[in-house]
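A short worksheet on the structure shown next.
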Amino acid sequence: MKHITLFAALAISGQALFAQTMRTNTGAIIGDNQNSKTIGNNGQVLLEDIHLIEKLAAFDRERIPERVVHARGAGAYGEFVAAADFSEVTKAKMFSAKGKKTPLFVRFSTVVHQSGSPETYRDPRGFAVKFYTEEGNYDLVGNNLPVFFIRDAIKFPDMVHAFKPSPLTNEASHPRRVFDFFANVPEATHMLTWLFSDYGIPANFREMNGSGVHAFKWVNEQGEVTYVKYTWKSKQGERNLEQAEADKIQATMTEHATMDLFNNIKAGNFPKWDLYVQLLKAEQFGALDFNPLDVTKVWPEAVAKLNLVGTMTLNKNVENYFQEVEQSAFSPGTLVPGIEPSEDKLLQGRLFSYFDTQRYRMGGNFQQLPVNAPKVESYNYNQNGVMSSKKQNFGDINYQPSVNRPEVKDDSKFKYSVSKFKNTETAQAKISKPNDFQQAGELYRSFSKKDQDNLIANLSGALKQVNNNTTVAKMIFYFYQADRDYGMRLAKELNLSRAELEQVLSNTQK
Ligand code: HDD
């Protein structure tokens, strides 16, 4: 007893002191947690030391597959407070009244590298929010940057392979492979301009903005559809790192952003973000010179103004990283009535991929884990499977419809919205109005002189590591089409004259 009290007194400062006798998984008091049971002091270890076997077996199973992308992340709980009543455009209750509060969980992440990698890499940042609404969970699974590299999910596995380590050497992400892929993806020009500017390395998670990236549908009680895009604006302000500043942090710390979030919340300095929404009706699409469902485009504010929807505050750290952050599971398909996916091809692919990846990582009952479970009861007859633990006292009836239990029913008020099609056929083709370069050029011209200089330095620095002239020429040609000065400056940094560029390009077209 004396020993235990001493142990308790040594517990991490700030935590409640407690005396705790250790027990096995099945509840028996553990007699010795330091010495295995052996034959004599120096003999073999006995298989009958059940506590030893259980302890080693638990250790051997500690890992689950890390996320195939967004493996490194940090999470926290908080609250969303609505700023206005949007019930004219969406029947989602969380947006129906000013002051309405919804609890939530957020996971921020880096994208490309493994779970132990530094948080200082040039990489988009994940910005995934799970709202525990009164009508079930709503996941807004976005990034810090407002656009994406590709516009069709069929390209995603190839793109991620190009960013990930080499299958030959396991060498980490290398510009040689990254640009080898992007030299055939002109629609990436806009996102690459964001990524190689200082926006590509946010200072930390608190001081970055966020975006839902895609267009989604808001649907009102009458079934009318409005297309929306979401933007999160950090109340801490937006701050990025120059490459040299990031390198300096990286020399001593791998998880500066995770600890910044944790320590600020612990100190009561709760980070906040305002959520804005832009609204467009399908009838407005025709007048635009870009496709508004194209994820490589933003909706300029001149086209659709930003409306304040509410404010998110993060105010509670997790108590166990693995259980609450590693096992948190998001999906763009986790939706509530009044919010639906748009026809964006990239989003449509994501609707499959996320649920699939969660089932692979955690098994079919991942939604029963506390961090993932809705706060409202989810009643249906999906049942059994590995680790079924949700209380399911169906009695004798686990099917619907049932004459004996007519009270269990669906509600046609909550059917999905209706899309109409006429005179159309299936296709495997690019979207209409791809307009690959215009917004990239506008973004370049919106940057300050210093931001432009950093972009040119970062991008040319990466392109200098590419050993194939055709790849480099094709990439420069994309940036040139976005903005003449942008392309010319890169060509100069890479010592390529216009004539050389044209020659390389004409050779590839032969
Ligand atoms: Fe994704 C994770 C954001 C395109 C497939 N993605 C993941 C996470 C975020 C995003 C924030 C981490 C969620 C978490 O914290 O657990 N992803 C995006 C955004 C995209 C995007 C903003 C484009 C607009 N993603 C995208 C495509 C696909 C995926 C096109 C596949 C078709 N993403 C996944 C995934 C992940 C994932 C493989 C890995 C772990 C997970 O889902 O939960 O399913």
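The values are calculated or read from the model by the stated rules, or taken from the named source; none is laboratory data. Computed from a predicted structure; not experimentally measured. Cβ sites come from the backbone with ideal geometry, for glycine too, and all protein chains shown count toward neighbours. Calculation scope for accessible area: heavy atoms of the full protein, side chains included, ligands and nucleic acids excluded. Shrake-Rupley method; radii C 1.70, N 1.55, O 1.52, S 1.80 Å.
Could you put Leu288, Leu490 in order of accessible surface area, largest first, with the 1.4 Å probe and the full protein assembly present? Spell out each step's value before the answer.
Values: Leu288 25, Leu490 0 Å².
Result, largest first: Leu288, Leu490.
Of interest is the spacing of the C-alpha centroids, which for segment 163-200 and segment 211-240 amounts to 27 Å.
For the chain, a Kirkwood radius taken over Cα pairs fed into Stokes-Einstein (4 °C, viscosity 1.567 mPa s) yields D = 50 µm²/s. Taking the 1.4 Å solvent-accessible surface of segment 428-510 as the whole, the part contributed by carbon and sulfur is 49%. When a/c is below 1.5 the answer is rounded, else prolate if a/b is larger than b/c, else oblate, so apply that to segment 128-279 with a ≥ b ≥ c taken from the square roots of the Cα gyration tensor eigenvalues. Oblate, because a/c is 1.5 or more while a/b does not exceed b/c. Compute the Kirkwood hydrodynamic radius of segment 339-465, taking the inverse of the mean of 1/r over all pairs of distinct Cα atoms, and give it in Å to one decimal. For segment 339-465, the Kirkwood estimate is 21.1 Å. Peptides 382-395, 186-199, 73-86, 347-360 ranked from most to least packed give 186-199, 73-86, 347-360, 382-395, packing being the mean of other C-beta atoms within 10 angstrom over each peptide's residues.
The three principal axes of the C-alpha atoms in segment 428-510 carry coordinate ranges of 39, 35, 21 Å, sorted with the longest axis first. The amide H of Asn307, built 1.01 Å from its N in the peptide plane, has Val277, Gln278 as neighbours under 5 Å, considering only residues 5 or more places off or on other chains. Here segment 375-396 is scanned for amide nitrogen atoms under 18 Å from the site 7 Å beyond the Cα of Glu54 along Cα-to-Cβ, giving none.
Only helical DSSP H runs with n ≥ 4 go in: add -39500 (n - 2.57) per run for the chain, normalise by residue count and round the 222 nm mean residue ellipticity to 500 deg cm²/dmol. Display every interim value, and only then the final one.
Details: 13 runs with 140 residues, N = 510.
Computed mean residue ellipticity for the chain: -8500 deg cm²/dmol.
Ranked from largest to smallest solvent-accessible area, with a 1.4 Å probe on the protein heavy atoms, Thr313, Thr110 come out as Thr313, Thr110. With every protein chain in place and a 1.4 angstrom probe, the accessible-area ranking of Glu324, Glu224, Glu48, largest first, reads Glu48, Glu224, Glu324.
Across segment 412-427, coupling constants 3J(HN,Hα) worked out from phi with the 6.51/-1.76/1.60 Karplus curve, θ = phi - 60°, read 5, 4, 9, 4, 4, 5, 9, 9, 10, 10, 8, 6, 9, 9, 6, 8 Hz, and Gly and Pro carry x.
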